[in-house]
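One structure is given below, encoded as structure tokens.
The values are calculated or read from the model by the stated rules, or taken from the named source; none is laboratory data. Nothing here was measured: the structure is a model prediction, and the numbers come from that model. Positions of Cβ are backbone-derived with ideal geometry, glycine not excepted, and every protein chain shown enters the neighbour counts. Ligands, DNA and RNA are excluded from the accessible area calculation, which covers all protein heavy atoms including side chains. Shrake-Rupley method; radii C 1.70, N 1.55, O 1.52, S 1.80 Å.
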Amino acid sequence: MATQSRLPDDTVFYSIYPDSSLSTSSLQSLHLQILHHLSPFVSDYIWQHQSFSLSLSDVPVSHLSGRLRFGDNLEDEWFTVFLLFEISRAFPNLSIRVWDSDGEFLLIEAAFHLPRWLNPENSENRFFIRRGDVHLIPKKSLPNPSLVDSLNFLINHEKESRAAEAVQNAIKSKISEYPERAKRNMHTVGVRVPVSVAEVLKHEPCLISLAVEGFYDRDIDSMKYAAKMERFLSKGKQQELVLVNVKMSRAMYAQLMQQTFQAPKCYPMPVRGGDVTGYLEAELGMKIACGFEMVYWMRKKEGDEGKGSTWSKYKDRLEKSGYFEGLIPGSKEYKRLMENAEEYYRKSNLFVRTSEMMSAPVRRIDEILALPHSAEDFKGQNVPPSDDDSWLYNGEDELNSALQERQKELELYNSELRDKQKSKESQDTGSSSGKNLDDFDLGGLAKTMQAFVHKVSSYKGAEVPENRNLEEVDIDVDRFIKEMESVMRHQGSEETANNADSDKGSSSDMDFDESEDGSDMADEDNDDGEDGFMHSYSDALDNELKRTILKKSFIHANEESSKKIEGTSNGAEDMDEEFSPVNVDVNLVKNLLDSFSSQQGLPGPASNLLGLMGVKLPHDDNKGK
């Protein structure tokens, strides 16, 4: 499934499917080949929380899968996407899926270029990475594809599933700077730390991510351990600090730098004010040391150690999965399979050792600190200067650059839409110049809108009918205005004639109660008094609205006829005393025209809505002449 009921908000998931079903040993071989291919890209990379890894899975088909928690460092997620594209280029007979809590997040990057039928509800099992390209399973080919259906389609109809170039470019541009960008995302800085911390980072530089995590996610319970510093500061304030270089991601550096933290009383912090650079190095080192202390004791308390992929547990999983095929232990074939499993475990374990350490660091830290070490080991070393961290304070420029890039993408999308509309309008103008429009019914526009609302809209909004009639109606502007005036005149006369019967004479769905004297009140014997309340409420609402200009914003039933008769100026004053029913149909046509005119030939809500109803209004080319 592409999505689950509750996915972690900061985790990316990925699955790699071979074209043909592979046995366990063949899948293991593929696994090792992929890890070997990726080694040059990930060997020096410091991950925020987890390293890139793969595991064997057989549900619903045999494949490799993995997940990676990136936390606040989105660079980890995009670097993972780059690695998946790299795998697809190196191994052409694979189909790869990737998603996170947002679903198919790569499709969001290509939102302006996707086919209109594609939406989050029908995107499941449609998006894949294959041979270094983006593939989308067409809806016309597989309306509701299962995973197996989609994988078979990719194998047999690869050309049909390849996404358009605009989609390819939009997604690939996000990873075009990798792997160089991954290297730029690393930040090296000089810090002064206790010897024990320096020793751990010397042997396992990747554990810096755990120290930063422990510091950044600290709470009251973990702070108790930092106050004592029993593991990494055994000599207290007499502990000597040493200068070392530490490599971390930019996100980690920002998390350390942008949080104020007071050193524990037992920590040997130098005096502030003398060597400014030295103090800053010691302050940063103090945060790292406290992070290590908190992580060490919290993990030890949780008892997570020893739960990693040990050989015995790995062997048990193989036996349960049927890897040995019921062979008798000690037989020749059993020994061969066992040797293959040992080789696979040994090689893969070397690659994922970083992941194992980050999930169970206490044992490894104890092993390192059990080795002989002293401050003398770090003295006299040439420590290069720290990297420039001006990027930390220029985030606004980077954000503005990203926003401008998005704005350009939106403007290009709108420009293409305008060009398409102008091209279509020019064709329609030429083909419809000789049409006879004498039979055009203006009232049909209101009826079309009513039909659109009742048939096409729902609580989710207006839905575009897939098989709608796209035949367009062209009209003459001058004749259209005259017809509209005629309809309003006719409607006004009809409403005046039928004013006595307000229930039948108004086309409005929101008639106001005009019975101020209570003569029209019915069902006076209503025990609950509901009608009396409603009439009182309506009268109060009428009086409240009379003090506003709301009435002036609508065309009313008697308004047009009153304006056309000379000497009846008192009619307008009388209208102030009682709200005439709003003529919904006339207001609808008038507001549509006003909205269409305000667009000045550009795309907008009025033209879009009329287009969905199959109505095409021409631009007024004579305007201003």
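Where strands (runs of 3 or more DSSP E) fall entirely within segment 76-174, none has at least 3 residues that are over 30 Å from ASP44 (Cα atoms). For the criterion of being within 43 Å of the chain's Cα centre (by Cα) and either modelled with pLDDT of 85 or more or polar (S, T, N, Q) (or both), SER355 passes.
A quick yes/no check of all residues on (1) out of contact with any Asp or Glu (no Cβ under 8 Å at 6 or more places or on another chain); (2) in a helix (DSSP H, G or I); (3) modelled with pLDDT of 80 or more:
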site: TYR323; (1), (2), (3): yes, no, no
site: PRO329; (1), (2), (3): yes, no, yes
site: LYS335; (1), (2), (3): yes, yes, yes
site: GLU343; (1), (2), (3): yes, yes, no
site: LEU350; (1), (2), (3): yes, yes, no
site: VAL362; (1), (2), (3): no, yes, yes
site: ASP387; (1), (2), (3): yes, no, yes
site: LEU392; (1), (2), (3): yes, yes, yes
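Among the residues of segment 180-198, not a single one is out of contact with any Ser or Thr (no Cβ under 7 Å at 6 or more places or on another chain), over 30 Å from VAL244 (Cβ atoms), without any contact (Cβ under 8 Å) to a residue 12 or more places away in the chain and assigned to a helix (DSSP H, G or I).
The condition (being of a type outside the set (D, E, K, R), under 28 Å from the mean Cα position of the chain (by Cα) and surrounded by fewer than 22 Cβ atoms within 10 Å (Cβ to Cβ)) is satisfied by just one residue among SER234, SER176, SER209: SER176. GLU240 meets each of the listed conditions (1) within 43 Å of the chain's Cα centre (by Cα); (2) open to solvent by 60 Å² or more (accessible area, probe 1.4 Å) apart from (1).
To keep it simple, each residue is scored yes or no on (1) among the aromatic types (Phe, Trp, Tyr); (2) open to solvent by less than 20 Å² (accessible area, probe 1.4 Å); (3) in contact with a Lys or Arg (Cβ under 6 Å, 6 or more places away or on another chain).
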{"site": "PHE85", "(1), (2), (3)": "yes, yes, no"}
{"site": "ALA90", "(1), (2), (3)": "no, no, no"}
{"site": "ASP102", "(1), (2), (3)": "no, no, no"}
{"site": "PHE105", "(1), (2), (3)": "yes, yes, no"}
{"site": "ALA110", "(1), (2), (3)": "no, yes, no"}
{"site": "ARG116", "(1), (2), (3)": "no, no, no"}
{"site": "GLU121", "(1), (2), (3)": "no, no, no"}
{"site": "PRO145", "(1), (2), (3)": "no, yes, no"}
{"site": "ASP149", "(1), (2), (3)": "no, no, no"}
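When residues of segment 199-229 are filtered for being assigned to a helix (DSSP H, G or I) and either within 17 Å of MET298 (Cα to Cα) or free of Cβ contacts under 8 Å to residues at least 40 places away in the same chain (or both), how many remain?
19
Looking only at residues in segment 226-271 that are modelled with pLDDT under 90 and of a type in the set (Ser, Thr, Tyr), the one that is nearest to ILE368 (Cα to Cα) is SER234.
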